[in-house]
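Read the structure below first, then the notes.
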Ligand code: ADP
(Lines give C-alpha, C1' and ligand atoms only; values in the text may rest on other atoms or scores of the structure.)
Protein backbone atom coordinates (compact mmCIF):
# COMPACT_ATOMS: atom_id res chain seq x y z
CA UNK A 1 0.00 0.00 0.00
CA UNK A 2 2.81 2.33 0.81
CA UNK A 3 4.06 1.70 -2.72
CA UNK A 4 0.68 2.60 -4.23
CA UNK A 5 0.46 5.91 -2.43
CA UNK A 6 3.99 6.77 -3.49
CA UNK A 7 2.98 6.23 -7.11
CA UNK A 8 -0.09 8.37 -6.59
CA UNK A 9 1.97 11.19 -5.08
CA UNK A 10 4.37 10.97 -8.02
CA UNK A 11 1.46 11.15 -10.47
CA UNK A 12 -0.04 14.12 -8.69
CA UNK A 13 3.33 15.87 -8.68
CA UNK A 14 3.37 15.47 -12.46
CA UNK A 15 0.02 17.20 -12.70
CA UNK A 16 1.11 20.47 -11.08
CA UNK A 17 -0.71 23.16 -13.04
CA UNK A 18 2.24 24.99 -14.47
CA UNK A 19 2.14 28.17 -16.49
CA UNK A 20 4.75 28.72 -19.13
CA UNK A 21 5.65 32.34 -19.76
CA UNK A 22 7.83 33.03 -22.82
CA UNK A 23 10.07 36.08 -22.67
CA UNK A 24 11.03 37.30 -26.11
CA UNK A 25 12.56 40.25 -27.89
CA UNK A 26 12.89 41.30 -31.50
CA UNK A 27 16.65 41.60 -31.25
CA UNK A 28 19.55 40.73 -28.97
CA UNK A 29 21.12 42.88 -26.31
CA UNK A 30 17.95 44.61 -25.15
CA UNK A 31 17.99 42.95 -21.71
CA UNK A 32 15.67 39.96 -22.19
CA UNK A 33 17.90 37.63 -20.13
CA UNK A 34 18.44 40.23 -17.42
CA UNK A 35 14.67 40.72 -17.15
CA UNK A 36 14.01 36.96 -17.08
CA UNK A 37 16.50 36.32 -14.26
CA UNK A 38 15.27 39.25 -12.18
CA UNK A 39 11.58 38.50 -12.68
CA UNK A 40 12.26 34.91 -11.60
CA UNK A 41 14.06 36.07 -8.46
CA UNK A 42 11.38 38.68 -7.69
CA UNK A 43 8.60 36.07 -8.12
CA UNK A 44 10.48 33.61 -5.88
CA UNK A 45 10.88 36.31 -3.21
CA UNK A 46 7.13 36.88 -3.44
CA UNK A 47 6.62 33.21 -2.52
CA UNK A 48 6.15 31.60 -5.94
CA UNK A 49 7.84 28.38 -7.08
CA UNK A 50 9.70 29.40 -10.22
CA UNK A 51 11.77 27.66 -12.87
CA UNK A 52 13.86 29.34 -15.55
CA UNK A 53 14.36 27.68 -18.94
CA UNK A 54 17.26 29.34 -20.70
CA UNK A 55 16.45 28.60 -24.33
CA UNK A 56 18.75 31.30 -25.71
CA UNK A 57 21.13 29.02 -27.60
CA UNK A 58 23.09 31.94 -29.03
CA UNK A 59 23.85 33.50 -25.65
CA UNK A 60 22.85 31.28 -22.73
CA UNK A 61 23.51 33.69 -19.87
CA UNK A 62 21.17 32.47 -17.10
CA UNK A 63 23.85 30.32 -15.36
CA UNK A 64 25.95 33.47 -14.95
CA UNK A 65 23.04 35.75 -14.09
CA UNK A 66 21.76 33.35 -11.41
CA UNK A 67 25.26 32.46 -10.15
CA UNK A 68 24.81 28.80 -11.07
CA UNK A 69 27.61 28.35 -13.62
CA UNK A 70 29.32 25.76 -11.41
CA UNK A 71 26.16 23.70 -10.85
CA UNK A 72 25.57 20.89 -13.33
CA UNK A 73 22.14 19.38 -13.90
CA UNK A 74 21.85 15.64 -13.21
CA UNK A 75 19.45 13.21 -14.92
CA UNK A 76 17.08 10.46 -13.94
CA UNK A 77 16.72 8.10 -16.88
CA UNK A 78 16.17 10.38 -19.87
CA UNK A 79 14.90 13.27 -17.77
CA UNK A 80 17.05 16.20 -16.70
CA UNK A 81 16.87 17.49 -13.13
CA UNK A 82 17.20 21.29 -12.97
CA UNK A 83 19.76 22.89 -10.67
CA UNK A 84 18.49 24.94 -7.74
CA UNK A 85 20.11 28.37 -7.65
CA UNK A 86 20.88 30.14 -4.39
CA UNK A 87 18.03 32.55 -5.16
CA UNK A 88 15.41 29.82 -4.81
CA UNK A 89 14.90 29.53 -8.57
CA UNK A 90 15.27 26.26 -10.49
CA UNK A 91 17.27 26.50 -13.69
CA UNK A 92 18.10 24.61 -16.84
CA UNK A 93 20.10 26.24 -19.59
CA UNK A 94 21.27 25.44 -23.09
CA UNK A 95 24.61 26.58 -21.67
CA UNK A 96 24.63 23.52 -19.37
CA UNK A 97 24.15 21.12 -22.30
CA UNK A 98 27.21 22.30 -24.23
CA UNK A 99 30.87 22.87 -23.43
CA UNK A 100 31.55 26.43 -22.22
CA UNK A 101 32.82 28.79 -24.90
CA UNK A 102 31.79 26.50 -27.78
CA UNK A 103 29.81 28.05 -30.60
CA UNK A 104 26.61 26.20 -31.45
CA UNK A 105 25.93 25.45 -35.10
CA UNK A 106 22.82 23.33 -34.60
CA UNK A 107 20.17 22.81 -37.22
CA UNK A 108 16.48 23.18 -36.46
CA UNK A 109 15.72 19.61 -35.31
CA UNK A 110 18.65 19.62 -32.87
CA UNK A 111 17.59 22.86 -31.26
CA UNK A 112 14.05 21.47 -31.04
CA UNK A 113 15.34 18.35 -29.25
CA UNK A 114 17.43 20.38 -26.86
CA UNK A 115 14.47 22.63 -26.07
CA UNK A 116 12.34 19.52 -25.46
CA UNK A 117 14.89 18.21 -22.95
CA UNK A 118 14.79 21.49 -21.06
CA UNK A 119 10.99 21.76 -21.07
CA UNK A 120 10.28 18.12 -20.21
CA UNK A 121 12.69 18.07 -17.29
CA UNK A 122 11.71 17.31 -13.69
CA UNK A 123 10.34 20.72 -12.78
CA UNK A 124 8.63 19.26 -9.71
CA UNK A 125 6.64 21.85 -7.80
CA UNK A 126 7.44 24.83 -10.08
CA UNK A 127 4.19 26.74 -10.71
CA UNK A 128 5.65 28.92 -13.40
CA UNK A 129 8.39 28.42 -15.98
CA UNK A 130 9.92 31.58 -17.40
CA UNK A 131 11.44 30.79 -20.79
CA UNK A 132 14.26 33.06 -21.97
CA UNK A 133 13.91 32.75 -25.76
CA UNK A 134 16.65 33.55 -28.26
CA UNK A 135 16.21 36.98 -29.89
CA UNK A 136 14.18 37.19 -33.07
CA UNK A 137 11.76 34.78 -34.66
CA UNK A 138 13.63 31.56 -35.51
CA UNK A 139 13.42 27.78 -35.02
CA UNK A 140 13.53 27.68 -31.22
CA UNK A 141 10.72 30.23 -30.97
CA UNK A 142 8.55 28.30 -33.42
CA UNK A 143 9.07 24.99 -31.58
CA UNK A 144 8.36 26.71 -28.30
CA UNK A 145 5.12 28.24 -29.54
CA UNK A 146 3.82 25.23 -31.45
CA UNK A 147 4.90 22.37 -29.20
CA UNK A 148 4.82 23.87 -25.71
CA UNK A 149 2.06 26.49 -26.13
CA UNK A 150 3.09 29.07 -23.51
CA UNK A 151 0.24 30.53 -21.45
CA UNK A 152 1.54 33.99 -22.26
CA UNK A 153 4.43 36.05 -23.56
CA UNK A 154 6.33 39.11 -22.42
CA UNK A 155 8.21 41.16 -24.99
CA UNK A 156 11.20 43.31 -23.99
CA UNK A 157 12.42 46.29 -25.95
CA UNK A 158 14.56 49.36 -25.52
CA UNK A 159 12.78 52.64 -26.32
CA UNK A 160 14.71 52.94 -29.59
CA UNK A 161 12.68 52.87 -32.82
CA UNK A 162 14.76 50.10 -34.37
CA UNK A 163 14.29 47.83 -31.37
CA UNK A 164 10.59 48.63 -31.30
CA UNK A 165 10.10 47.66 -34.94
CA UNK A 166 11.72 44.31 -34.14
CA UNK A 167 9.64 43.96 -30.97
CA UNK A 168 6.51 44.49 -33.02
CA UNK A 169 7.61 41.58 -35.21
CA UNK A 170 8.07 39.38 -32.12
CA UNK A 171 4.58 40.33 -30.93
CA UNK A 172 3.21 39.42 -34.34
CA UNK A 173 4.79 35.95 -34.09
CA UNK A 174 3.12 35.32 -30.71
CA UNK A 175 -0.19 36.59 -32.03
CA UNK A 176 -0.03 34.33 -35.07
CA UNK A 177 0.48 31.38 -32.72
CA UNK A 178 -2.48 32.52 -30.56
CA UNK A 179 -0.25 33.09 -27.53
CA UNK A 180 -1.69 35.87 -25.36
CA UNK A 181 0.68 38.81 -24.94
CA UNK A 182 1.02 39.59 -21.22
CA UNK A 183 2.66 42.90 -22.06
CA UNK A 184 5.69 44.92 -23.08
CA UNK A 185 8.61 45.95 -20.87
CA UNK A 186 10.81 48.91 -21.67
CA UNK A 187 14.43 48.35 -20.67
CA UNK A 188 17.38 50.76 -20.68
CA UNK A 189 14.99 53.68 -20.39
CA UNK A 190 16.77 56.76 -19.05
CA UNK A 191 20.22 56.99 -17.51
CA UNK A 192 21.18 58.90 -14.39
CA UNK A 193 24.81 60.03 -14.72
CA UNK A 194 26.67 58.85 -11.59
CA UNK A 195 29.06 61.82 -11.91
CA UNK A 196 26.86 64.84 -12.54
CA UNK A 197 23.47 63.44 -11.51
CA UNK A 198 21.90 64.60 -14.78
CA UNK A 199 19.32 62.28 -16.37
CA UNK A 200 19.75 61.47 -20.06
CA UNK A 201 18.04 59.13 -22.49
CA UNK A 202 20.58 57.27 -24.67
CA UNK A 203 17.90 55.14 -26.36
CA UNK A 204 15.02 57.60 -25.99
CA UNK A 205 12.15 57.08 -23.58
CA UNK A 206 8.52 56.09 -23.58
CA UNK A 207 8.72 54.36 -26.97
CA UNK A 208 7.70 50.93 -25.69
CA UNK A 209 4.75 52.32 -23.76
CA UNK A 210 3.56 54.17 -26.87
CA UNK A 211 4.10 51.05 -28.98
CA UNK A 212 2.14 48.95 -26.47
CA UNK A 213 -0.72 51.44 -26.64
CA UNK A 214 -0.63 51.52 -30.45
CA UNK A 215 -0.70 47.71 -30.57
CA UNK A 216 -3.46 47.45 -27.96
CA UNK A 217 -1.21 45.55 -25.53
CA UNK A 218 -0.46 46.15 -21.84
CA UNK A 219 2.63 48.04 -20.74
CA UNK A 220 4.20 46.26 -17.76
CA UNK A 221 6.85 48.74 -16.70
CA UNK A 222 10.16 50.44 -17.29
CA UNK A 223 13.68 49.52 -16.11
CA UNK A 224 16.34 52.26 -16.26
CA UNK A 225 19.77 51.85 -17.82
CA UNK A 226 21.97 51.64 -14.74
CA UNK A 227 25.60 50.76 -14.21
CA UNK A 228 24.60 48.95 -10.99
CA UNK A 229 22.30 46.61 -12.94
CA UNK A 230 25.07 45.67 -15.38
CA UNK A 231 27.69 45.17 -12.64
CA UNK A 232 25.35 43.18 -10.39
CA UNK A 233 24.29 41.00 -13.35
CA UNK A 234 27.89 40.29 -14.36
CA UNK A 235 28.68 39.11 -10.84
CA UNK A 236 25.67 36.82 -10.50
CA UNK A 237 23.89 39.03 -8.00
CA UNK A 238 20.51 39.90 -9.60
CA UNK A 239 19.36 43.34 -8.36
CA UNK A 240 15.93 41.83 -7.63
CA UNK A 241 17.54 39.64 -4.94
CA UNK A 242 18.03 42.65 -2.65
CA UNK A 243 15.88 45.55 -1.51
CA UNK A 244 17.98 48.22 -3.29
CA UNK A 245 16.43 50.73 -5.69
CA UNK A 246 17.55 48.77 -8.79
CA UNK A 247 15.46 45.79 -7.77
CA UNK A 248 12.24 47.74 -7.40
CA UNK A 249 11.36 47.97 -11.11
CA UNK A 250 11.63 44.18 -11.43
CA UNK A 251 9.62 43.58 -8.25
CA UNK A 252 6.87 45.90 -9.54
CA UNK A 253 6.63 43.98 -12.82
CA UNK A 254 6.61 40.65 -10.92
CA UNK A 255 3.77 41.98 -8.76
CA UNK A 256 1.76 42.82 -11.88
CA UNK A 257 2.32 39.28 -13.16
CA UNK A 258 0.99 37.70 -9.97
CA UNK A 259 -2.20 39.80 -9.99
P1 LIG B 1 19.48 40.02 -24.23
O2 LIG B 1 19.08 38.83 -23.41
O3 LIG B 1 18.30 40.78 -24.76
O4 LIG B 1 20.48 39.72 -25.29
P5 LIG B 1 20.96 40.85 -21.87
O6 LIG B 1 20.00 40.69 -20.75
O7 LIG B 1 22.01 39.79 -22.05
O8 LIG B 1 20.19 41.08 -23.25
O9 LIG B 1 21.62 42.28 -21.71
C10 LIG B 1 22.65 42.74 -22.58
C11 LIG B 1 23.69 43.53 -21.77
O12 LIG B 1 23.08 44.71 -21.25
C13 LIG B 1 24.23 42.78 -20.56
O14 LIG B 1 25.58 43.11 -20.39
C15 LIG B 1 23.40 43.32 -19.41
O16 LIG B 1 24.09 43.25 -18.16
C17 LIG B 1 23.17 44.74 -19.84
N18 LIG B 1 21.88 45.29 -19.34
C19 LIG B 1 20.66 44.79 -19.54
N20 LIG B 1 19.71 45.59 -18.97
C21 LIG B 1 20.39 46.61 -18.40
C22 LIG B 1 20.00 47.77 -17.65
N23 LIG B 1 18.73 48.04 -17.40
N24 LIG B 1 21.00 48.60 -17.21
C25 LIG B 1 22.30 48.32 -17.48
N26 LIG B 1 22.73 47.28 -18.17
C27 LIG B 1 21.79 46.42 -18.63
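The values are calculated or read from the model by the stated rules, or taken from the named source; none is laboratory data. Predicted, not measured: the structure shown is a model, and the values here were computed from it. All Cβ positions, glycine included, derive from the backbone under ideal geometry; neighbour counts span all protein chains shown.
Descriptive notes on the structure:
- From 254, 208, residue being modelled with pLDDT under 90 and crowded, with 22+ Cβ neighbours inside 10 Å: 208
- Every residue from region 191-218 that is within 16 Å of the ligand (Cβ to nearest atom) and at positive phi: 204, 206
- In region 232-248, the residues that are modelled with pLDDT under 95 and either within 10 Å of the ligand (Cβ to nearest atom) or under 21 Å from residue 153 (Cβ atoms) (or both): 246
- Within region 93-103, the set of residues being surrounded by 15 or more Cβ atoms within 10 Å (Cβ to Cβ) and either assigned to a loop (DSSP other than H, G, I, E, B) or touching a strand residue (DSSP E or B) at 6+ places or on another chain (Cβ under 8 Å) (or both) comprises 93, 94, 95, 96, 98.
- Of everything listed in (1) under 29 Å from residue 140 (Cα atoms); (2) modelled with pLDDT under 95; (3) surrounded by fewer than 14 Cβ atoms within 10 Å (Cβ to Cβ), the single unmet condition for residue 194 is (1).
- Test: residue 221 is in contact with a helix residue (DSSP H, G or I) (Cβ under 6 Å, 6 or more places away or on another chain) and within 14 Å of the ligand (Cβ to nearest atom): yes
- Residue in region 13-28 that is at pLDDT below 90, under 20 Å from residue 119 (Cα atoms) and either in a helix (DSSP H, G or I) or within 16 Å of the ligand (Cβ to nearest atom) (or both) present: yes
- Residue 165 being under 16 Å from the mean Cα position of the chain (by Cα) and either away from the ligand (no atom under 12 Å from the Cβ) or at pLDDT 95 or above (or both): no
Yes/no matrix, rows are residues, columns are (1) within 14 Å of the ligand (Cβ to nearest atom); (2) surrounded by fewer than 16 Cβ atoms within 10 Å (Cβ to Cβ); (3) in contact (Cβ under 8 Å) with a residue 60 or more places away in the chain; (4) on the phi > 0 side of the Ramachandran plot:
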site: 48; (1), (2), (3), (4): no, no, yes, no
site: 52; (1), (2), (3), (4): yes, no, yes, no
site: 55; (1), (2), (3), (4): yes, no, yes, no
site: 60; (1), (2), (3), (4): yes, no, no, no
site: 64; (1), (2), (3), (4): yes, no, yes, no
site: 72; (1), (2), (3), (4): no, yes, no, no
site: 77; (1), (2), (3), (4): no, yes, no, yes
site: 81; (1), (2), (3), (4): no, yes, no, no
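- Residues in region 83-92 that are touching a residue at least 40 places away in the same chain (Cβ under 8 Å) and in a loop (DSSP other than H, G, I, E, B) were compared, and the one that is surrounded by the most Cβ atoms within 10 Å (Cβ to Cβ) is 87.
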